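The values are calculated or read from the model by the stated rules, or taken from the named source; none is laboratory data. The structure presented is a predicted model; accordingly, all values stated were derived computationally and were not measured. Virtual Cβ from ideal backbone geometry, glycine too; neighbours counted across all protein chains shown.
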Amino acid sequence: MKYMLLIYHDEPSWDALTETERQQVYLEYRTLREELTSRGQFLDGSQLQPITTATTVRVRDSKELVTDGPFAETHEQLGGYFLIEAKDLDEATAIAARIPSARTGTIEVRPLVETAVPATA
Amino acid sequence: MANTLEQVFREEYGRIIATLIRISGSFDLAEEALQEAFIAAVSKWEREGPPNNPGAWLTTVAHRKLLDALRRERTRTDKESELTYEASRLRQFVEPELFEDNVEYSDDRLRLIFTCCHPSLTREAQVALTLRTLGGLTTTEIAHAFLVPETTLAQRLVRAKQKIRLAGIPYEIPSLERIADRLAAVEAVIYLIFNEGYAASTGQNLIRNDLCAEAIRLGRVLCELLPDEPENLGLLALMLLQNSRREARVNKQGELVTLEEQDRSLWNASEIDEGVNLIQKALRLHRVGNYQLQAAIAAIHAEAKSADKTDWRQIVALYEELMRLTSSPIVALNHAAAVAMSEGFEKGLALIESIGADSALQNYYLFHASRADLLRRLHRHDEALVAYATALSLTTNEVEQNYIRRRIEEIQPQ
């Protein structure tokens, strides 16, 4: 199954880290990514620019409404994501638990809606 | 006849459904197949009488119904992804030589328990699913027992089953590093079911009494499946020992009777024996835990011939052990009450007041009731009355309210 791991963290405390501390976290991320890639479980993933760069788009009555800011102001902000392949929820949550930001922030694990594969024979 | 069927159904439900779910990968298909088998059994057994081994008969028929349904679905909707999932399970399944053979894989029930109590489901959903699938209770029965509308409960079950399927909650025994946590969740669900039946027991609502019986049955299943887990044994012992006092807890007027005042001849001796044996067995495994300690305390009460023969010193020691494991203020409260009995009311009261000083217990009825009881025993009636009044304002349970009113009447100046 495919799972999206949404990585939420507290931006101010991320910003407050020293450069060395941040490099340490990046290194951990890289190690995890490489390990998942070698097992064919890493499908995609990235860090996101901070929410100050966010833009919200809505279309109402065929009118495009473009505004500044994230969709909702939350205690923690979406800071990145992993798209992974896992055999079940337990495997997905085990991977989520190894994401460095899980120790300070929150990882939301969401299964993807997978489209039907035509059956063979 | 109806009794045989119902009894077999109850006893075999969890066993059969667990295997059907593994084969089909679907809670719904498994439920339907078992339901059909049950209907087939009603008409056949009425005509011919029940078979020698009704459980095996039901299993066989349910398996056939399921395989038929899977084949039907497979040819009809080959293109649906869900079916490729179920079909892949079907391929792994070798159709068993049925009837007298043992087609149960005991691991299936264990898988089922862990899936039903998976931490990604809410506690309410865990309880409902466990009772529905493992316990074989109907949606109506569960809704009545938990005093929620049937539609709410049905919804809860649908959502839970949907989440299991869509989120990929595994149907397997958790890995070694997870099993302790997961087992704790299973035990918590079973104990919650028990307490739901026990706490509200006014002796009038039979379905609620059924909940205690059901929790005990589930506790037995857990012990049977994982007999070397001392907390499983402790939990079963605890439930049996508490349940043994059921008849004595409430008098003919429906009033709550405290442990001290209970007629001990009403206690169920066979449940006590079983509970005491279980807790001894558990403690010999030398991995002490919450349920074991609570059961050990209950066992000391159970073995005291009369209230004043209670070994309070040992109870105090067990509560101290329990306090090391949990930081629950309620445990601290019980500890203080035990200290009062073993080392004097004054000392117990001082302890209770120190616990109450800095905790959420101020809004807890039992805190005020316990404090009031000690004040009463110390003949400080004015203070006791105030504490009883506070306790009274904090509980909505009628039985508890009546108990406090009775106490107030006893010490009220005439």
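Taking the conditions (1) within 21 Å of the chain's Cα centre (by Cα); (2) modelled with pLDDT of 95 or more in turn, residue B:250 satisfies each one other than (2).
Is it the case, given these coordinates, that residue B:298 is assigned to a helix (DSSP H, G or I), crowded, with 22+ Cβ neighbours inside 10 Å, touching a Phe, Trp or Tyr at 6+ places or on another chain (Cβ under 9 Å) and small (Gly, Ala, Ser)?
No: the conditions fail for residue B:298.
Determine if segment A:72-85 includes at least one residue that is within 14 Å of chain B (Cβ to nearest Cβ) and either under 30 Å from residue B:118 (Cα atoms) or exposed (fewer than 10 other Cβ atoms within 10 Å of the Cβ) (or both). Within segment A:72-85 (the criterion being within 14 Å of chain B (Cβ to nearest Cβ) and either under 30 Å from residue B:118 (Cα atoms) or exposed (fewer than 10 other Cβ atoms within 10 Å of the Cβ) (or both)), the answer is yes, since at least one residue qualifies. Scanning segment B:32-48 for residues that are out of contact with any Leu (no Cβ under 8 Å at 6 or more places or on another chain) and either more than 10 Å from residue B:65 (Cβ to Cβ) or β-branched (Val, Ile, Thr) (or both) returns B:39, B:43, B:44, B:46, B:47, B:48. Just a yes or no: is a residue in segment B:202-223 assigned to a loop (DSSP other than H, G, I, E, B), of a type in the set (Gly, Ala, Ser) and in contact with a strand residue (DSSP E or B) (Cβ under 7 Å, 6 or more places away or on another chain)? Yes, because at least one residue in segment B:202-223 is assigned to a loop (DSSP other than H, G, I, E, B), of a type in the set (Gly, Ala, Ser) and in contact with a strand residue (DSSP E or B) (Cβ under 7 Å, 6 or more places away or on another chain). Filtering segment B:7-28 for residues that are in contact (Cβ under 8 Å) with a residue 60 or more places away in the chain, surrounded by fewer than 19 Cβ atoms within 10 Å (Cβ to Cβ) and acidic (Asp, Glu) leaves a non-empty set. Looking across segment B:267-279, the residues that are in a helix (DSSP H, G or I) and surrounded by 14 or more Cβ atoms within 10 Å (Cβ to Cβ) come down to B:271, B:272, B:274, B:275, B:276, B:277, B:278, B:279.
So, of the residues in segment B:179-193 that are within 14 Å of chain A (Cβ to nearest Cβ) and modelled with pLDDT of 90 or more, which turns out to be nearest to residue B:240 (Cα to Cα)?
Among them, the one singled out is B:185.
If you go through segment B:352-371 and keep only what is touching a Leu at 6+ places or on another chain (Cβ under 8 Å) and surrounded by 15 or more Cβ atoms within 10 Å (Cβ to Cβ), you end up with B:352, B:355, B:361, B:364, B:365, B:366, B:367, B:368, B:370, B:371.
In segment A:88-105, the residues that are away from every other protein chain (no Cβ under 11 Å) reach residues that are of a type in the set (Asp, Glu) and in a loop (DSSP other than H, G, I, E, B) with C-beta atoms within less than 8 angstrom, at least six apart or across chains, in these pairs: A:104/A:10; A:105/A:10; A:105/A:76.
Among the residues making up segment B:168-188, a single one is under 16 Å from the mean Cα position of the chain (by Cα) and closer than 16 Å to residue B:18 by Cβ: B:186.
Would you please list the contacts, defined by Cβ atoms under 7 Å and residues six or more apart or on different chains, that run from a residue in segment A:57-79 that is over 20 Å from residue A:47 (Cα atoms) to a residue that is of a type in the set (D, E, K, R)? Matching pairs, first to second residue: A:57/A:64; A:65/A:58. Checked against (1) within 14 Å of chain A (Cβ to nearest Cβ); (2) in contact (Cβ under 8 Å) with a residue 24 or more places away in the chain, residue B:133 passes all but condition (1).
Scanning segment A:32-61 for residues that are at pLDDT below 95 and among the hydroxyl-bearing types (Ser, Thr, Tyr) yields A:52, A:53, A:55, A:56. A single member of B:234, B:168 is at pLDDT 90 or above, within 14 Å of chain A (Cβ to nearest Cβ), touching a helix residue (DSSP H, G or I) at 6+ places or on another chain (Cβ under 7 Å) and closer than 30 Å to residue A:89 by Cβ, and it is B:168. Residue B:282 satisfies every condition listed in (1) closer than 23 Å to residue B:338 by Cβ; (2) among the small types (Gly, Ala, Ser); (3) assigned to a loop (DSSP other than H, G, I, E, B) except (3).
Among B:157, B:176, B:147, B:153, which is the only one that is out of contact with any Phe, Trp or Tyr (no Cβ under 6 Å at 6 or more places or on another chain), among the hydrophobic types (A, V, I, L, M, F, W, C), within 14 Å of chain A (Cβ to nearest Cβ) and without any contact (Cβ under 8 Å) to a residue 40 or more places away in the chain? Result of the check over B:157, B:176, B:147, B:153: B:176.
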